[in-house]
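First the structure, in the form of structure tokens, and then the observations on it.
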């Protein structure tokens, strides 16, 4: 069992090593995530439409 005071000192030393992102980095990363999410959603929407149209055409041809 470690000494609680030593544990707190080690914890503070580790927290001091953290490099926090700047406001600009956070903003750019957030914008990038939203753009990629929109592109991914658009891609899957188009794929869904194509598959649905293909299946409807196939079913109407054989139905």
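No lab work stands behind these numbers, since they all come straight from the coordinates. Model, not experiment: these values are computed from the prediction. Cβ placement follows ideal geometry from the backbone for every residue including glycine, while neighbour counts extend to all protein chains displayed.
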Show that you can apply the helix-only estimate: for the chain, add -39,500 (n - 2.57) for every DSSP H stretch of four or more residues, divide by all residues, and state [θ] at 222 nm to the nearest 500.
-> -30000 deg cm²/dmol
Label points 7 Å out from Cα along the Cβ direction at residue 61 and residue 42: separation in nm?
-> 3.0
With Rg/Rh (Cα atoms, Kirkwood Rh) defined as stated, name the option among [x] 1.55; [y] 0.90; [z] 1.51 computed from the structure displayed.
-> [x]
